[in-house]
Each structure stands twice: as structure tokens, then as C-alpha cells.
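Working notes, beginning with the structure itself.
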Amino acid sequence: MANEAEQEKVFFDELSRLAKLQLAYEVAQKRKKKKWNQQELAKKIGSTQAVISRIEQAKVNVGIDLLVRLKTTLGIKFAL
């Protein structure tokens, strides 16, 4: 049982890592396409430049409220 639980944890950790990388890529690409710097995007979504930087480096777990603001502002499409 422990081995199965460990494998499941590894699977979900990897899934989380890949989701963060995909979001990082999408945010950076859409922001650059609009010719906004990180500070401008942060202001538009009610956040900070530091948060945008961490998102673009895939170093933060993003909550649903922030995902919705990013989606609305940048036109990012999400799929599960």
C-alpha cells in the first residue's frame, strides 16, 4: 500500500509541476504579446510584480481567483 501511495504522490507532484510550467509559459507569452511588463499585468489583475514573476517562473501555486483574473485579462484558456 505504501508503494502505491508513494507512486500516486509522485504522479500528482509531476502533474502539478507540469501545470505550473504550462501556466508560466501561457502567462509570459500572452503578456509579451500585449507588450505589457510584469508590473502592468500585476496592476491590471490586482496583484504585484513579484507574484507575476513567480508565476512566470513556475514557483507558486496559483489560486482559483487569480487564475480567473489571469484568464479574463490575458484570454488564457484552461483545460483539465
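The values are calculated or read from the model by the stated rules, or taken from the named source; none is laboratory data. The structure displayed is predicted, hence computed values, not measured ones. A quick note on method: Cβ atoms are made from the backbone with ideal geometry, for glycine too, and the neighbour counts reach across all protein chains shown. All accessible areas refer to the heavy atoms of the entire protein, side chains included, with ligands and DNA or RNA removed. Shrake-Rupley method; radii C 1.70, N 1.55, O 1.52, S 1.80 Å.
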What's the center-to-center distance, using Cα atoms, between the range 1-25 and the range 49-74 in Å? 19 Å
Starting from the Cα-Cα distance between Glu8 and Glu40, subtract it from 0.36 nm times their residue separation and give me the gain in nm to one decimal. 7.6 nm
Value of relative contact order over the chain, rounded to a whole percent, pairs C-alpha under 8 Å and six or more apart: 32 percent
Apportionment of accessible area to carbon and sulfur, the chain, percent (1.4 Å): 56 percent
Per residue accessible area in Å² of the chain, where ligands, DNA and RNA are left out and the probe is 1.4 Å: 75 Å²
Just to be sure I understand, if you calculate P(r) over Cα pairs in 10 Å bins from 0, in percent for this structure, which of (i) 18, 49, 19, 10, 4, 0; (ii) 15, 39, 34, 11, 1, 0; (iii) 18, 48, 25, 8, 1 do you get? (i)
What distance in nm separates the simple spin-label points at Gln22 and Ser47, each placed 7 Å from Cα in the Cβ direction? 1.7 nm
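What is the magnitude of the charge dipole of the chain about its Cα centre, with +1 placed on the Cβ of each Lys and Arg, -1 on the Cβ of each Asp and Glu, and no other charges, expressed in debye to the nearest 20?
Values: 16 positive and 9 negative charges, 173 e Å.
The calculation lands at about 840 debye.
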